[in-house]
1. Please average, across the residues of B:140-147, the number of beta carbons from any other chain that are within 10 Å of each residue's own beta carbon, and give a whole number.
2. Find how many whole Å separate the alpha carbon centroid of the stretch B:251-289 from the alpha carbon centroid of the stretch A:279-320.
3. Which log10 I(q)/I(0) values does the protein assembly as shown give at q = 0.04 Å⁻¹ under the Debye formula, counting every alpha carbon as one identical point scatterer?
4. Please compute the net charge surrounding A:Ala440, taking Lys and Arg as +1 and Asp and Glu as -1 over other residues with Cβ under 11 Å from its Cβ.
5. What's the local net charge at A:Glu189, with K and R +1, D and E -1, over the other residues with C-beta under 14 Å away?
6. Would you mind calculating the relative contact order of the stretch B:28-286 from Cα pairs under 8 angstrom and at least 6 residues apart, reporting the percent as a whole number?
7. I need the calculated FRET efficiency for the pair B:Val8 and B:Gln74, taking r as the beta carbon distance and R₀ as 30 Å, to the nearest 0.05.
8. For every helix of n ≥ 4 consecutive DSSP H residues, a contribution of -39,500 (n - 2.57) applies; sum these over the protein assembly as shown, divide by its total residues, and give [θ] at 222 nm rounded to the nearest 500 deg cm²/dmol.
Amino acid sequence: MAFSRFAYAPAPESRSAVNIRPSYGLFIAGEWASPLDGGHFKTESPSSQEVLAEVSSAGPEDVDRAVRAARRAYEETWAPMPGKERAKYIFRVARLIQERSRELAVLESLDNGKPIKESRDVDVPLAAAHFFYHAGWADKLAYAGLGPDPRPIGVVGQVIPWNFPLLMAAWKLAPALATGNTCVLKPAETTPLSALVLAEIFEQADLPPGVVNIVTGDGGTGATLVAHPGIDKVAFTGSTEVGKHILGALAGTGKRITLELGGKAANIVFDDAPLSQAVEGIVNGIFFNQGHVCCAGSRLLVQEPVAEGVVEALKRRLATLRLGDPLDKNTDIGAINSPQQLEKIRELAAAGEAEGAERWSPACQIPERGYWFPPTVFTGVAPGQRIAREEIFGPVLSVLTFRTPEEAIEKANNTTYGLSAGVWTDKGSRALQVASRLKAGVVWANTFNRFDPASPFGGYRESGFGREGGRQGLSQYLKGALDG
Amino acid sequence: MAEGRLGVRKTYKLYIGGAFPRSESGRSYEVKGAGGEFLANVALGSRKDLRDAVVAARKAQPAWAKATAYLRGQVLYRAAEMMEGRRGQLALAVAAAEGVGSGDAASGVDTAVDRMVWYAGWSDKLAQVAGGTNPVAGPYFNFSIPEPTGVVGILAPESSSLVGLVSVLAPVIVSGNAAVVVASEARPTPAVELAEVLATSDLPGGVVNILTGRTAELAPVLAAHRDVEALDLAGAPEALEVDLEVAAAGNVKRVLRRRKPEPDWAAQPGPERMLHFLETKTVWHPMGL
């Protein structure tokens, strides 16, 4: 092809903005503490397998210390503080994230493997926006329409995933803080670093000690945290499997719970859709963040008259995606976050082939070091196959076709999940009608993977319950008349 | 009752899919009044009856949810009208079941009727209270609307046989959910009376299903059922609560736990019971010329 002559030169973002410490303690009561009964582990960059830092693993005593610190801060400082003062702390945090945005973006791409253009343009700005949005609520809760006397719940235990490490921390912390709760946050084992920089930001903001405590560690630390009797509310984002386990473990405790779990979203393309725009949306829907997105549009449902053309255009587009160094500003597809995740993606892709679907990937050079998986499209997928039912959480798209809108809706809803869905059509009435029939918490019409702090996010069915963002998200952190 | 005339007693049956079947098991159990006297032999619903009720609820729910909020409000109001017309009958049932005086029973029925009217009025306001538009930073019309969760299992309060029952049932169905109710085990007869009222109102069959029987036998099946999306534990026996929550985790049911101490069911509620059985759907609709 003629275009091959215009190969991109490398355009790496400088690492100089980042100053990673060799070792991190736990952030408890405003201090950096060595673990009492935990240990240490190393976090590596999934794109280079380079060890980035040594991080502490919190044991039960450490979790207990953190919960106690949060309780003390809740009772003595944060809950009694006037809302307008709380608001100013949270505004400060938003500004500090903006000020340190370049550092956070580079760090996120290093630790997580996502392309710098995503961490720079999506993760970090949205994290700042979440703090900014919620800061304004802190002194206006009585006007939120959530009952006449909205009150904080207490100490919140929050466990977040590795796919959007900083953004998920923001989604959890910002509404909890605005409503007067105090937090113990457990970042994901493979991506702890941006949360630890966030702890530095809390120090710079002079956030009172104990209001936010950050305990790094693995799933064991998370399990200890959610089960701790000093926790009044648990907020978890992660797999449906772990979510169910948490529900079982918390049965009878009376703790408030919100869960944001897995998904297997349908992205429905009707024959009247703006097709080139739809192709971009399909790519964004499933290849954004290497498909490590719970709301990823992993099931493409195309109406038959345009199916062939859409798949062809999609393949042409995928052939232009650039896979490689996450810090390169031209990179579209970064690294898979961990060898475990890579193994899971490989296994499910192999199952897709074994069950008879047709597998395709563009020619693309896989770097020698690190964890990578090429963008992959399965055509001829039947609804019963594993790749059409199970969450792959990787850059793998399953293509199914349909004839009528009824069939599309039925296929889209034929899942135990219900987090998100996409609808592509030129007809506003059709978009709204289909949206109203889809069992999904978020429906994007002629777009996909849009997020905003004012827009509630969360699932139907086994994708969890409770919302994050907007007034609905706020209600999850308040006791009041509307705390359903 | 005229002297010399023998009263005609009623057969107390289940209410499933708009019909009144006996238990498929053929079983019944003896219900005694508060004074220990024989009141009735009531159907002893089986696990199979419960599964049939879930099937009926699942079948009825989509059309009920699709009905306009205005229509659902009118249907609930119609149910209140039917209750009003049978106040005497309901009051006799409550008095016999709960052992309260006729005055208290009558005032309880009044409360139950008023409660149904109160919830009826909510149908076309919920979306404005629980939903809204969201000012996102982009060219999208972004709005959130509440939708019913689906099929909701309800363990009705054990002591408050009518007011309690209406207070847990109305908030579930007003938004478009369908309900499978396990009635008070010791005081089930007012629930059967209510079923007969609902059957003569305009409520589509299957939107409300009421089972009588042993809570300990039926509740675990309801909590574990994969086609039930939410669970109200209002009348859950304390010994079963943890097990029921564990079973409900199997398909991430939305569980409304039992309030402790038990609420005063006659007191004016807020909207929280309705809100608990709703899902928020957020739609991003593009804007542009």
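1. 5
2. Centre-to-centre distance over Cα atoms comes out at 35 Å.
3. -0.18
4. Here the count lands on +3.
5. -2
6. About 26 percent, as a whole number.
7. Result of the calculation: an efficiency of 0.35.
8. Rounded to the nearest 500, the figure is -11500 deg cm²/dmol.
Where a number appears in this text, it was derived from the coordinates with a stated rule and is not lab data. Worth saying up front: this structure is predicted, and the values here are computed from it rather than measured. Backbone-built Cβ (ideal geometry, glycine too); neighbour counts: all protein chains shown.
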